[in-house]
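Comments concern the structure below.
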Amino acid sequence: MANTVTLTDNRNAKSYDFPILDGALGPSVIDISSLYKDTGMFTFDRGYTSTAMCRSSITFIDGEKGELLHRGYDIAWLAENKIFLDVVYLLLHKKLPDDLELNDFRKELKIRSFINEKMLKLFDAFPDRAHPMAVLQACIATLSTYYSRDMNYDDPKEYMELAIRLVAKLPTLAAFYYRHVMGYPIVYPDLDRGFTENFLYMMRSFPHSHVNIKPIEVKALDTLLMLHADHEQNASTTTVRTVGSTHSHPYSCISAGIGALWGHAHGGANESVIKQLEMIGSVENVDKYIKKAKDKDDPFRLMGFGHRVYKNYDPRAKVLKGLRNQLIDEIGIDSNLIKVANRIEEIALTDDYFISRNLYPNVDFNSGLILKALNIPTEMFAVMFVMGRAPGWMAQWMELKEQANVKIVRPRQLYIGPKDITPEHVGPKDVELKSRK
Ligand code: SDX
C-alpha cells in the first residue's frame, strides 16, 4: 500500500491520491503540489498553521514535548556545554567546531567586525527617537550595497563569506548606533575580547574609565544569543526564505526578516514584556490584567505567553529562567518586575484559560528581564534577538539557495471581492470621468 492519502470530493465523488512524505523526525507531510492541477482547487490555511513550506535539516522543534534541536543537538545540552559561536558554526558549517576551528572562526569574525566608516553617516539621517529596529533594517539593506559589485551572492562559494560578515558586523552596528544616539564617543571592537563580551565593551566603555563587565553578564548574554539562533520556519525566517526565493541580495532578505521580527507578536515581544510588566506595576494589579488577557473582547494579550508551535513550556524559556535567577543572585534584577512576572507565571500555569489553550511562557518572557538586568536599553531588546537569529537566517538562506531549482514563493488566495462590475453599473464617477476627457 503506497504511502498516500485520498481526497474525495463529495460533490462529484471524484477521488485524488496525494503522497505522504516522512521526515527524519516530526509529523509526516502530504505533498499537495499537484492539488490545483488535479482538482482545480487550492488549500486554505490561515497563518499556514498546517503547512510545511520547505525541507530543512537545520532545526527541529517538537511543540508537544517542548524540544528544540539544532542539527540534532538538543538546545538544553548546547546551552549547558557550548557557547554562542559554537552554535553559529554548527548552523553555518553543519558541524560543531573543534577547539582549533572555533579559534579560527573567532579570528575570522573579529577581522570582519569593522564597518565602512561611510556607514556612520547613515545614523544622521534618522530622527532622535528612531526605533533601533528601523535603523538596523536600513543598515543591513545599506550593507548590501557594499557587497554587491565585488561579490557574486548567487555563487555558493561566496555564501559563507556573506554569512560571517553579517554575523561579525551586527554587534558593531548595534553598539555604534546606541553610542550615536546617546552622544557618546564611538568605541571600536577590541580584538582581544570575545564576541559577546566585545558587544558589552562597545556599549559600555569610555576612554577615561575602566569598563566593568562581569563574567555572569557575558554568560547570560551569550546564552541568550544562542537560544535565539534559529527556530525553524517562524514568521521572520519564512520572510527571509520568501525574499530569498526571488534571488534578492541575502542582506536584503535579512533586512526583510528584521522587519518581520520587529512585530510585538514575534521578536518585538521581549520589549513588550518589559513594558507590560512596568505597566502592570505591582502584584496587586496582576489579577486585573489576567482578566483582560482572558477577555475575548479585549485585545490585551499577555506578552511572552503562547506560541504557534510550543504547546508545552518553551525549552528556551526554561534555560532563560535559570539564567534569570542566577543574575538575580549575582547582579540583581528589578525585584518588583520579578515579583510581577512570577505572579503572572504562577497564575498562567494554573488557570484553565491558559492551560486549555496551551499558553506557556515563551522565549521572550524571560529574555526581556535578563536584557534589562544587563542594562540593555528596552528598545534594543529586539536588536539582541536579531544578533542571535542572524546566523540562523543565513543558514536557512544558504539551505534555500543550495536546493536545486529554487521555486519562487507565490501562494494563491480565496477571492471574496466584487465580480461582474461593468461600466454601465458605474455611478456618478463615470459621468465625471467622461467630462474630464
Ligand atoms: C516568538 O514562531 C516562532 O518560532 C517565534 C519565536 C522564534 O523563536 O522565532 O519563537 C519567537 O515570536 C515567540 C512568541 C512571542 N510573542 C508573544 O509573546 C506575543 C503574545 N503571544 C500571542 O500573540 C500568541 O500566543 C502568538 C502570536 C505567539 C501565537 O499565536 P497563534 O498561534 O496564532 O495562536 P492564536 O492567536 O490563534 O491563539 C490561540 C488562543 C486564542 O484564544 P481563542 O480564540 O482560542 O479563545 O489562545 C489565545 C488566543 O486569544 N492566546 C492568548 C495569548 N496567546 C494566544 N491569550 C492571552 N494572551 C496571550 N499571549
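The values are calculated or read from the model by the stated rules, or taken from the named source; none is laboratory data. These figures come from a predicted structure and were not determined experimentally. Cβ coordinates were reconstructed from backbone atoms using ideal geometry, including for glycine residues, and neighbour counts include every protein chain displayed.
Overview of results
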| item | result |
| --- | --- |
| Filtered residue count, the stretch 261-275, keeping only those that are surrounded by 19 or more Cβ atoms within 10 Å (Cβ to Cβ) and either over 21 Å from Val340 (Cα atoms) or more than 10 Å from the ligand (Cβ to nearest atom) (or both) | 5 |
| Any hit, the stretch 222-232, residues being crowded, with 17+ Cβ neighbours inside 10 Å, more than 16 Å from the ligand (Cβ to nearest atom) and of a type in the set (A, V, I, L, M) | no |
| The stretch 132-177: number of residues that are over 21 Å from the mean Cα position of the chain (by Cα), closer than 19 Å to Arg106 by Cβ and aliphatic (A, V, I, L, M) | 0 |
| Condition check for Ser205: farther than 23 Å from Val87 by Cβ, of a type outside the set (A, V, I, L, M, F, W, C), more than 16 Å from the chain's Cα centre (by Cα) and more than 16 Å from the ligand (Cβ to nearest atom) | yes |
| Residue ID - surrounded by the most Cβ atoms within 10 Å (Cβ to Cβ), chosen from residues in the stretch 288-313 that are of a type in the set (Phe, Trp, Tyr) and in contact with a strand residue (DSSP E or B) (Cβ under 8 Å, 6 or more places away or on another chain) | Tyr310 |
| Output for the stretch 36-62, where each listed residue is in a loop (DSSP other than H, G, I, E, B) and more than 27 Å from Arg412 (Cβ to Cβ) | Ser57, Ile58 |
| The stretch 337-377, residues that are without any contact (Cβ under 8 Å) to a residue 40 or more places away in the chain and part of a helix (DSSP H, G or I) | Ile338, Asn342, Glu345, Glu346, Asp352, Ile355, Ser356 |
| Test: Leu92 is in contact with a His (Cβ under 9 Å, 6 or more places away or on another chain) and either in contact (Cβ under 8 Å) with a residue 12 or more places away in the chain or surrounded by 13 or more Cβ atoms within 10 Å (Cβ to Cβ) (or both) | no |
| Leading residue by the ranking (farthest from the ligand (Cβ to nearest atom)) among those in the stretch 324-348 that are of a type in the set (A, V, I, L, M, F, W, C) and within 17 Å of Arg301 (Cβ to Cβ) | Val340 |
| Residue within the stretch 78-90 that is at pLDDT 95 or above, within 24 Å of the chain's Cα centre (by Cα), assigned to a loop (DSSP other than H, G, I, E, B) and not charged (D, E, K, R) present | yes |
| Candidate set: the stretch 355-403, residues that are among the basic types (Lys, Arg) and surrounded by fewer than 21 Cβ atoms within 10 Å (Cβ to Cβ); chosen: the one farthest from the ligand (Cβ to nearest atom) | Lys401 |
